[in-house]
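J.: Have a look at the structure that comes next, please.
The values are calculated or read from the model by the stated rules, or taken from the named source; none is laboratory data. Quick caveat: nothing in here was measured; it's all calculated off a predicted structure. Note that each Cβ is placed from the backbone with ideal geometry, even for glycine, and that neighbours are counted across all protein chains shown. Remember, those area values only see protein heavy atoms, side chains included, never the ligands or the DNA or RNA. Shrake-Rupley method; radii C 1.70, N 1.55, O 1.52, S 1.80 Å.
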Amino acid sequence: MNDSGGNGEKKRSRRPSAERTAQRDPERTRAAILDAATREFAENGMGGARVDAIAERAGTNKRMLYHYFGDKEQLYLRVLEEAYVGIRTAERALHIGDRSPEEGIGELALFTWRYFLQHPEFLSLLGTENLHRARWLRQSVRLKELHSHLIGELSDVLEQGKKQGVFIETADPLHVYLTIASLGYFYLSNQYTLSTIFGRDLIEPTHLNAWERHIVHVTLASIKR
């Protein structure tokens, strides 16, 4: 009977597999939860996303999710931050200031469009956050610092172009970025309705490539002398 009792004690003391894994590799568990949460929030929005579904996708349990990220709202904010960190980090790697002003702006336009194509979850998160009037985004100090770098580098490129007589004096860095982002975002976020209304499959490669060239042309045409 003692042996049987001992075995029972061992069984009761065992922790769930997901929790043991999380303790052995916390960074991997955090990354899995963030990836799962990104997909869940992108597909279902803030209101429709379920913590149970996120935990299941991540191969862990709700206890570990709450342990690492607090609650659903804090996890959503972290997902938003990581989404913006991803695009801002990739933008920095472009080093647009190392190119001629026209090449720098053109490269930023190409990059932004292609990033939107490759990361549809980013556009979905943007849509969700705008529905909530940036309620969570406003809470992040981290994101304000990231955006200031982007505008600063873009300002330098535009100033260089003005000195060279390439760009108009009124070229504004925020307007330039809004032009680039809006041309890409609107096309992709409305691709299904636009394709239906105009009878053209906008997601076909030939149409995507044509729009890519259009974005670069319109952006540069709006600021060139």
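J.: Identify the residue in the stretch 123-149 that is part of a helix (DSSP H, G or I) and without any contact (Cβ under 8 Å) to a residue 40 or more places away in the chain and, among all such residues, is surrounded by the fewest Cβ atoms within 10 Å (Cβ to Cβ).
T.: This residue is Val141.
J.: OK, next. Can you list the helices (runs of 4 or more DSSP H) found entirely within the stretch 170-225 that contain at least 1 residues being touching a helix residue (DSSP H, G or I) at 6+ places or on another chain (Cβ under 7 Å) and open to solvent by less than 70 Å² (accessible area, probe 1.4 Å)?
T.: Hits in the stretch 170-225: 173-189, 205-221.
J.: Tally up the residues in the stretch 21-51 that are assigned to a helix (DSSP H, G or I), modelled with pLDDT under 80, open to solvent by less than 100 Å² (accessible area, probe 1.4 Å) and of a type outside the set (Gly, Ala, Ser), please.
T.: Final tally of qualifying residues: 1.
J.: If I ask for residues that are surrounded by fewer than 19 Cβ atoms within 10 Å (Cβ to Cβ), touching a residue at least 60 places away in the same chain (Cβ under 8 Å) and closer than 17 Å to Pro173 by Cα, which ones from the stretch 110-122 would you list?
T.: Matches in the stretch 110-122: Leu110 only.
J.: Go through Ala31, Ala83, Ala109, Ala93 for me and flag whichever is among the aliphatic types (A, V, I, L, M) and not assigned by the TED database to the domain that holds Lys162.
T.: Ala31
J.: Just to be sure before I move on: is Leu158 assigned by the TED database to the domain that holds Arg92, open to solvent by less than 70 Å² (accessible area, probe 1.4 Å) and out of contact with any Gly (no Cβ under 7 Å at 6 or more places or on another chain) in the structure I sent?
T.: yes
J.: If you check every pair at least six apart or on different chains, which have Cβ atoms under 9 Å apart with a residue in the stretch 190-206 that is on the phi < 0 side of the Ramachandran plot first and a residue that is surrounded by 11 or more Cβ atoms within 10 Å (Cβ to Cβ) and β-branched (Val, Ile, Thr) second?
T.: What qualifies is Gln191/Ile203; Tyr192/Ile203; Ser195/Ile203.
J.: Look through Leu178, Leu150, Leu183, Leu174 and report the one residue that is in contact with a His (Cβ under 9 Å, 6 or more places away or on another chain) and either farther than 24 Å from Thr89 by Cβ or in the same structural domain as Val218 (by the TED database) (or both).
T.: The unique qualifying residue is Leu183.
J.: Every residue in the stretch 77-109 that is open to solvent by less than 30 Å² (accessible area, probe 1.4 Å) and acidic (Asp, Glu), please.
T.: Glu81, Glu91
J.: Failed condition for Gly184, given (1) on the phi > 0 side of the Ramachandran plot; (2) touching a Phe, Trp or Tyr at 6+ places or on another chain (Cβ under 6 Å), with all others met?
T.: (1)
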